[in-house]
Structures are given as C-alpha cells and as structure tokens.
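Down below is the structure, laid out as structure tokens.
The values are calculated or read from the model by the stated rules, or taken from the named source; none is laboratory data. Bear in mind the structure is a predicted one, so any value in this text is a computation, not a measurement. Methodologically, a virtual Cβ is constructed for each residue, glycine included, from the backbone with ideal geometry; neighbour enumeration extends over all protein chains shown. Just the protein is used for accessible areas: all its heavy atoms, side chains included, with ligands, DNA and RNA removed. Shrake-Rupley method; radii C 1.70, N 1.55, O 1.52, S 1.80 Å.
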Amino acid sequence: MPDSMSEQLKQDMECEGLLECFHGLKHLDKQCFQVLVQASEPLTVDEVADIVERERSTAYRSIQRLLQSGFIQKEQVNYEQGGYYHVYSPTDPEKISDSMQRMLNDWYAKMGQLIQEFEDKYQRPEAETELTVEG
C-alpha cells in the first residue's frame, strides 16, 4: 500500500481495494469475501477454509474480521436432533457501499478540520506595513 495519498491517487485501484483501505482487511480476508460472494448458498467456515486452502482457524479469523466490518452475515442453522452450526453469506452490496460512503464522509470532514487547523497554526501574522505617501 502506498504511503501517501498522492501516491494512492496515481495508482490504478480496484474496488476490492476498498476492503483494505476502509477496514484494514488482509489479502486472505478479500479471498474469503470473494468465495462467499461467488457461492450459490451460504457456507460454513470449514467450506471456506477448504476453498482458500487454509487452516480452519486462519479462515475463521478472516471470517470474523469480515463479520465485524459488516461485509458478511452469520446465520445459525439448527440440526433436527439438536445442536447448530453457522453459515456465512455476503451482506447486500448496497448496505456495504452506504456504510463506506458514511465512513468516507466522516473522514472527509475530519480531514477538512485538520487542514483548517494546519492553516490556523502555520499562517503568518500579517506584517504591518506602513505606507508613506509624500505629497
């Protein structure tokens, strides 16, 4: 990831980069998200782990980050004989984009405040100049 905003603006970016940019998600998190988006039905952590070829515990941590970020949803499925398991599916893209737009607006407002603080802090006091008009 580039260090400065000007470097970021010069780079070609993909929409999936928003997952990393907005929520600090990792490459594996993006892979797990893609798997869930492409699946025809909700998947268990074990199924996701098999597809991304990672240990269950590693896939579980990615699933938890996606869940906390609001990119996926968890649903409980009950066994008839008792017990349950969880399956995961992607959140509606419109809800995700609305959330990212709100976060961007908040960030924009905060950056605007910081820019104003910078200007206020480093603005030179106006030099008092005396104009003498000889007549």
Consider GLU47 carefully, then state whether it is over 23 Å from GLU14 (Cβ atoms) and loosely packed, with under 10 Cβ neighbours inside 10 Å. no
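Here are ILE63, ILE115: which of them is in a helix (DSSP H, G or I) and within 18 Å of the chain's Cα centre (by Cα)? Working first, answer last.
Details: ILE115 fails: within 18 Å of the chain's Cα centre (by Cα).
Matching residue, one of ILE63, ILE115: ILE63.
Select from region 66-82 the residues that are open to solvent by 100 Å² or more (accessible area, probe 1.4 Å) and part of a strand (DSSP E or B) and write down the one among them that is nearest to PHE33 (Cα to Cα).
First, pick out the residues of region 66-82 that are open to solvent by 100 Å² or more (accessible area, probe 1.4 Å): 68, 74-75, 78-81.
Among the residues that remain, those that are also part of a strand (DSSP E or B) are: 74-75, 78.
Numbers: LYS74: 13, GLU75: 16, ASN78: 24 Å.
Among those that are open to solvent by 100 Å² or more (accessible area, probe 1.4 Å) and part of a strand (DSSP E or B), it is LYS74.
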